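Asks: Below is one structure. I have some questions about it.
The values are calculated or read from the model by the stated rules, or taken from the named source; none is laboratory data. Since the model is a prediction, treat every value here as computed from it, not as a measurement. Methodologically, a virtual Cβ is constructed for each residue, glycine included, from the backbone with ideal geometry; neighbour enumeration extends over all protein chains shown. Note: areas computed on protein heavy atoms with side chains; ligands, DNA, RNA excluded. Shrake-Rupley method; radii C 1.70, N 1.55, O 1.52, S 1.80 Å.
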Amino acid sequence: MGLLLALLSALQYSGVSARFEKLSYDLLLPLQAPKMSDDIVIIDIDDRSINELGRWPWSRQLHAQLLDTISPAAPKAIGVDFIFSEPQNPEADRALARAIENNGDTFLIAAPVMPEANSLMAELLPLPDFAAVAAGIGHVEVELDIDGVNRKLHVYGGIGDGRWPSLALAMLQHGGDLNSNLTALQSRAQSEELSTAWLRNGRGLTPFSRADDQAKRVSYVDIIRGRANIKQLKDKYVLLGVTATGVGDRIATPLYRSHERMPGVELLAQQLNGLLQNRILQTLPQYAQWLLSMLLLGTVVLAIVLSPVRYGIWLPFIAGAFVYLVSALLLVFGRLWFEPAATVFCLLLAWPLWALWRIQTGAMAQQELQRQLESLSSFNPLTGLPNQKGLEREINRRVGQKESPALALLICHFNWSGSTSSLYDKSALKAIAERLGQIGCDKLFLAHLSGDEFALLLNERNISEARELSERVLASFNRPLAHGRDNLLLSPVIGISRWPEDGGQADEMLRYAATALFKARLDDKAAFCFYSESVGQEVDARYQLEQALVHAIERVEFELHFQPQVDVRSNGIVGAEALLRWNNPKLGLISPDSFIPVAEYSRMIGAIGDWVLKKACFELKRLRALGFTDFRMGVNISPQQFSSPNFCSRVKLIVQELGLPPSALLFEVTEKTLMHDLVLAQRVMGQLNDFGIEFAIDDFGTGYSSLSHLQKLPYQCLKIDQSFVFELGQSAGAQELTTSIIDMAARLSLDVIAEGIEEPEQEQILVKMGCHNMQGFLYSQALPIDALIELLKQRELGLAPQPEAAQESA
């Protein structure tokens, strides 16, 4: 490393790498290229002007005419890029002086000149008559680098002292648009003396624009002949200079790499553009160059030392590219030039040194890498806690002890209250880990299994210890968790397995605890669950049920049964409720109470609900074709189905395709479904009411909805839940509540259907209360469609069984 730093210092201070640094600068310079300002205009003495106006130089009367012509346009400043240092024609000189004075915004130039070889440098200035009336004088001295290319500018220069501002600076000061921090520019560049006489001050680097983005040009002759619109010069900085072939000065610049030289007036436009936009570039001071180079070199050498062997050969090249990237970033965003070539050369020499060192230290690095990999494989990177692998290792360690204690494993899943998301950022996960760590317990081992699941392993003397720890975890998270400016309300759910009761290996304990956790998440009654054989069987059965449910529709395993709804006044069947049945080839006949919760949890209930709706409508059409035109079909609508965005359009499409009257359908929805989103319920029910479909509130009285909310909804029927019907004649409270529901429905002109009628006494009580539409085993169980059709035909012929007989059949 010391050898490389010494070489770096020698290259930077000796200037050996100067040409490579200049080449690097020219290659990176276009990255920062500013857009050429629209406020800069060149009046161009071009080939066409020479052809029309004659051989150069022209009479100064012509220049006076030009100034008089453009003065009414009121440009901010005019810079003339040729020196009127010798008298011409007195009359022409007077005309030009008068034009300069009348304009008041014209700047003339000064430049260093060496009259004879080996003589002192002198200043070439405009004639006193012109200088006296000009708005100011600015120097146009050009410094060339070792390769003959101009890259630098100096904001001040002059013989003996830097009294002349550059022409660009003088014009901007006059126009009031100087944005550049000249104090900083001067502080980073010492005054320099040229040939012991011309002094420079305030060195910077010209920020050349792109070659295809140059200052706007107006031909000199077009202004003289009146062909140009001089209004375009208003409030502009105007440069007057020569670009014609073979006339005037031309300077090599980084802008053109194919030996093409730039006219001096274009160079002035580039300098003016840089100062106007505050984009002048500056070279880093020598000490800063060295410090940054040392930092980059040291960083890269350190990276080479720590990198695997297979990457080492490429690192010097990658690092060299990175050094150029740093230089480019400083140039573009900091407007600072950092010379990269010497640093890159040293980096390339680092490869053989690195290869030699790597051979000697390879074994040590490999051991360290192995240790790091082992750490990453056993710990969670977000919280720093042991992960599942670390937990399994700790379980096996404790189980393998000679006098191993009983163990309890708790897996905690955290839900963010009020959100369906279980994703937390790193700080929230750390806060959860810290709170779990504050739960004091002897030999408690804490692990982080996944994003929202943590595990606690403890030595257990009896089952009460695991229960107590679970309760302490739940109590700990009753308090909000501080997370930045927010407070998180977390709801832990815990699954617990025990050793040796539940299993003998770490993977078994984890699997059983995860099974208990799944059971706890399904069960709203308790926040934690111990694993048992029955819990495992229940979860396994649910898994099989869910897998079978995935293909139930496509395998045509579902069917609909229909429970008749009877008007007891006429003893006629006025409708039926479509009830879903599932007959799986392997699992047999499955109760809706078993598979409906699974379908809701797995979000398959929407597709199943659509199938029920289509099937019910199809069977309704069949009934109507048989002449039962007054029959009304009740269809249960699931919450997911009800809230789906295109529910209304799907319903209308099905009804219209089958040619059904919408009034023949009665959609049954629960209070819970309606109260989940009252605005949505109003919209959906309103649209389908307008279409002709009526709604019934199913299981009315069992929810927690407010009557003030329900009265805002467009429904036409109430279904009294069978739990109230069952207690009629046994509970005065149930009877009073049922009477209230029927009376309220009568006042609101709503239909009422009582469910679960099984005894004649229940029917009699309901009739006395004013309810006449009933449904239950007293009349008929839910029937397949063919049996329902047969029952309807018997009713027409007066052959239907009496309610007592139907009950016995059910």
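Asks: Give me the pairs, please: first residue somewhere in segment 321-336 and under 15 Å from THR283 (Cβ atoms) and in a helix (DSSP H, G or I), second residue anywhere and open to solvent by 30 Å² or more (accessible area, probe 1.4 Å) and of a type in the set (Asp, Glu), beta-carbon distance under 8 Å, and either six or more positions apart or on two chains.
Replies: What qualifies is SER327/GLU339.
Asks: Hey, another quick one. Check every one of the helices (runs of 4 or more DSSP H) wholly within segment 123-192 and list those with 3 or more residues that are at pLDDT below 85 and surrounded by fewer than 17 Cβ atoms within 10 Å (Cβ to Cβ). Talk me through it step by step, then tell me what you get.
Replies: Values: elements: 128-133, 167-175, 182-187.
Because the criterion is at least 3 residues that are at pLDDT below 85 and surrounded by fewer than 17 Cβ atoms within 10 Å (Cβ to Cβ), the helices (runs of 4 or more DSSP H) in segment 123-192 that meet it are 182-187.
Asks: Return the total of residues in segment 549-572 being within 17 Å of GLU600 (Cβ to Cβ) and either modelled with pLDDT of 85 or more or of a type outside the set (Gly, Ala, Ser) (or both). Outline the logic, then answer.
Replies: Within segment 549-572, the first condition is being within 17 Å of GLU600 (Cβ to Cβ), and the residues that meet it are 549-550, 552-553, 558.
With the extra rule that they be either modelled with pLDDT of 85 or more or of a type outside the set (Gly, Ala, Ser) (or both), the set shrinks to 549-550, 553, 558.
So the answer is 4.
Asks: Could you list, in sequence order, the residues of segment 231-246 that are over 48 Å from the mean Cα position of the chain (by Cα) and either among the hydroxyl-bearing types (Ser, Thr, Tyr) or surrounded by fewer than 17 Cβ atoms within 10 Å (Cβ to Cβ) (or both)?
Replies: Residues of segment 231-246 over 48 Å from the mean Cα position of the chain (by Cα): 231, 239-246.
Across segment 231-246, the qualifying residues are LYS231, THR243, THR245, GLY246.
Asks: Further question: I want to confirm something. Restricting to segment 554-566 and keeping residues that are touching a residue at least 40 places away in the same chain (Cβ under 8 Å) and surrounded by 14 or more Cβ atoms within 10 Å (Cβ to Cβ), which single residue is farthest from the chain's Cα centre (by Cα)?
Replies: Looking only at segment 554-566, we keep the residues that are touching a residue at least 40 places away in the same chain (Cβ under 8 Å), and these are 558-566.
If we keep only those that are surrounded by 14 or more Cβ atoms within 10 Å (Cβ to Cβ) as well, we get 558, 560-566.
Values: PHE558: 44, LEU560: 47, HIS561: 50, PHE562: 51, GLN563: 53, PRO564: 55, GLN565: 55, VAL566: 59 Å.
The residue in question is VAL566.
Asks: For segment 581-645, please list each of the helices (runs of 4 or more DSSP H) lying entirely inside it that holds at least 1 residues being within 16 Å of PRO784 (Cα to Cα) and over 38 Å from the mean Cα position of the chain (by Cα). Break it down stepwise before answering.
Replies: Details: elements: 592-601, 605-625, 639-643.
Fully inside segment 581-645 and qualifying: 592-601, 605-625.
Asks: Of the residues that make up segment 397-407, is at least one charged (D, E, K, R) and assigned to a helix (DSSP H, G or I)? Let's see the steps before the verdict.
Replies: Kept after step one, since they are charged (D, E, K, R), are these residues of segment 397-407: 397-398, 402-403.
Narrowing the set further to residues that are assigned to a helix (DSSP H, G or I) leaves 397-398.
Yes: segment 397-407 contains one or more residues that are charged (D, E, K, R) and assigned to a helix (DSSP H, G or I).
Asks: Check whether at least one residue in segment 664-677 is in contact (Cβ under 8 Å) with a residue 24 or more places away in the chain, of a type in the set (A, V, I, L, M) and over 17 Å from VAL612 (Cα atoms), and report yes or no.
Replies: Kept after step one, since they are in contact (Cβ under 8 Å) with a residue 24 or more places away in the chain, are these residues of segment 664-677: 664-677.
Then drop every residue that is not of a type in the set (A, V, I, L, M), which leaves 664-666, 669, 674-675.
Next cut, over 17 Å from VAL612 (Cα atoms) only: 674-675.
Looking through segment 664-677, at least one residue is in contact (Cβ under 8 Å) with a residue 24 or more places away in the chain, of a type in the set (A, V, I, L, M) and over 17 Å from VAL612 (Cα atoms).
Asks: Give the residues of segment 250-293 that are in a helix (DSSP H, G or I) and open to solvent by 60 Å² or more (accessible area, probe 1.4 Å), sorted by residue number. Let's see the steps before the verdict.
Replies: The first filter runs over segment 250-293 and keeps only residues in a helix (DSSP H, G or I), leaving 264-276, 286-293.
GLN286, TYR287, TRP290, LEU291 - these are the residues of segment 250-293 that are in a helix (DSSP H, G or I) and open to solvent by 60 Å² or more (accessible area, probe 1.4 Å).
Asks: Oh, and also: Look at segment 384-408 and say how many of its residues are open to solvent by less than 60 Å² (accessible area, probe 1.4 Å) and either modelled with pLDDT under 80 or not acidic (Asp, Glu) (or both). Steps first, please.
Replies: Of the residues in segment 384-408, the ones open to solvent by less than 60 Å² (accessible area, probe 1.4 Å) are 384-387, 390-392, 394-395, 398-399, 404-408.
From what is left, the residues that are either modelled with pLDDT under 80 or not acidic (Asp, Glu) (or both) are 384-387, 390-391, 395, 398-399, 404-408.
The qualifying residues number 14.
Asks: Which of the following residues is out of contact with any strand residue (DSSP E or B) (no Cβ under 7 Å at 6 or more places or on another chain), buried (at least 17 other Cβ atoms within 10 Å of the Cβ) and modelled with pLDDT of 90 or more: ALA74, ALA97? Show your work before the answer.
Replies: On the way: ALA74 fails: buried (at least 17 other Cβ atoms within 10 Å of the Cβ).
The unique qualifying residue is ALA97.
Asks: Pick out the one residue from LYS672, LYS621 that is modelled with pLDDT of 90 or more and either open to solvent by less than 10 Å² (accessible area, probe 1.4 Å) or under 25 Å from GLY575 (Cβ atoms) (or both).
Replies: Working: LYS672 fails: modelled with pLDDT of 90 or more.
Testing whether each residue is modelled with pLDDT of 90 or more and either open to solvent by less than 10 Å² (accessible area, probe 1.4 Å) or under 25 Å from GLY575 (Cβ atoms) (or both) leaves just LYS621.
Asks: Where residues in segment 601-616 are more than 25 Å from VAL539 (Cα to Cα) and of a type outside the set (Val, Ile, Thr), which of them is surrounded by the fewest Cβ atoms within 10 Å (Cβ to Cβ)? Let's see the steps before the verdict.
Replies: The initial filter retains those residues of segment 601-616 that are more than 25 Å from VAL539 (Cα to Cα), namely 610-616.
Filter again for of a type outside the set (Val, Ile, Thr), leaving 610-611, 613-616.
Details: ASP610: 18, TRP611: 16, LEU613: 23, LYS614: 14, LYS615: 17, ALA616: 24.
Per the criteria, the residue is LYS614.
Asks: Right, next: Name the residues in segment 44-61 that are buried (at least 17 other Cβ atoms within 10 Å of the Cβ) and of a type in the set (A, V, I, L, M, F, W, C), would you?
Replies: ILE45, ILE50, TRP58
Asks: Let me ask something else. Please go through (1) of a type outside the set (Val, Ile, Thr); (2) open to solvent by 30 Å² or more (accessible area, probe 1.4 Å); (3) within 37 Å of the chain's Cα centre (by Cα); (4) at pLDDT below 85 for TYR324 and return the number of the only condition it doesn't satisfy.
Replies: Only one criterion in (1) of a type outside the set (Val, Ile, Thr); (2) open to solvent by 30 Å² or more (accessible area, probe 1.4 Å); (3) within 37 Å of the chain's Cα centre (by Cα); (4) at pLDDT below 85 is unmet by TYR324, namely (4).
Asks: State the number of residues belonging to segment 203-219 that are hydroxyl-bearing (Ser, Thr, Tyr), assigned to a strand (DSSP E or B) and within 16 Å of ARG279 (Cβ to Cβ). Let's see the steps before the verdict.
Replies: Step one: of segment 203-219, the residues hydroxyl-bearing (Ser, Thr, Tyr) are 206, 209, 219.
From what is left, the residues that are assigned to a strand (DSSP E or B) are 219.
Narrowing the set further to residues that are within 16 Å of ARG279 (Cβ to Cβ) leaves none.
Result for segment 203-219: 0.
Asks: Tell me which residues, restricted to segment 304-316, are open to solvent by 40 Å² or more (accessible area, probe 1.4 Å) and free of Cβ contacts under 8 Å to residues at least 24 places away in the same chain.
Replies: Residues satisfying the conditions are ARG310, TYR311, TRP314.
Asks: Another question, if that's okay. Go through the residues of segment 579-593 one by one and say whether even a single one is β-branched (Val, Ile, Thr), open to solvent by less than 40 Å² (accessible area, probe 1.4 Å) and over 30 Å from SER476 (Cα atoms).
Replies: Step one: of segment 579-593, the residues β-branched (Val, Ile, Thr) are 590.
Pick out the ones that are also open to solvent by less than 40 Å² (accessible area, probe 1.4 Å) and you get 590.
Cutting the leftovers down to over 30 Å from SER476 (Cα atoms) gives us 590.
Yes, segment 579-593 has at least one match.
Asks: Looking at (1) assigned to a loop (DSSP other than H, G, I, E, B); (2) modelled with pLDDT of 90 or more; (3) on the phi < 0 side of the Ramachandran plot; (4) not aliphatic (A, V, I, L, M), can you tell me which one GLU790 breaks?
Replies: Unmet condition: (1).
Asks: Report yes if ASN118 is surrounded by fewer than 22 Cβ atoms within 10 Å (Cβ to Cβ), modelled with pLDDT of 90 or more and among the polar types (S, T, N, Q), otherwise no.
Replies: no
Asks: Now, a different point. Against the conditions (1) of a type in the set (Asp, Glu); (2) open to solvent by less than 60 Å² (accessible area, probe 1.4 Å); (3) at pLDDT below 90, where does GLU755 fall short? Just the number, please.
Replies: Checking GLU755 against (1) of a type in the set (Asp, Glu); (2) open to solvent by less than 60 Å² (accessible area, probe 1.4 Å); (3) at pLDDT below 90, the one that fails is (3).
Asks: Right, something else. Given the criterion farther than 21 Å from ALA664 by Cα, out of contact with any Cys (no Cβ under 7 Å at 6 or more places or on another chain) and open to solvent by 50 Å² or more (accessible area, probe 1.4 Å), identify the matching residue among VAL598, VAL550, VAL574. Full working, then the answer.
Replies: Working: VAL598 fails: open to solvent by 50 Å² or more (accessible area, probe 1.4 Å); VAL574 fails: farther than 21 Å from ALA664 by Cα.
Unique residue meeting the criteria: VAL550.
Asks: OK, next. Quick test of your reading of the structure: ARG569 fulfils all but one of (1) closer than 30 Å to CYS771 by Cβ; (2) within 43 Å of the chain's Cα centre (by Cα). Name the failing condition by number.
Replies: (2)
Asks: Would you check if there is a residue in segment 654-664 being surrounded by 18 or more Cβ atoms within 10 Å (Cβ to Cβ), within 25 Å of GLU796 (Cα to Cα) and out of contact with any helix residue (DSSP H, G or I) (no Cβ under 8 Å at 6 or more places or on another chain)?
Replies: No - not one qualifying residue is present in segment 654-664.
Asks: Quick test for you: out of VAL242, VAL301, VAL247, pick the one residue that is in contact (Cβ under 8 Å) with a residue 60 or more places away in the chain and touching a Gly at 6+ places or on another chain (Cβ under 7 Å).
Replies: Numbers: VAL301 fails: touching a Gly at 6+ places or on another chain (Cβ under 7 Å); VAL247 fails: touching a Gly at 6+ places or on another chain (Cβ under 7 Å).
The unique qualifying residue is VAL242.
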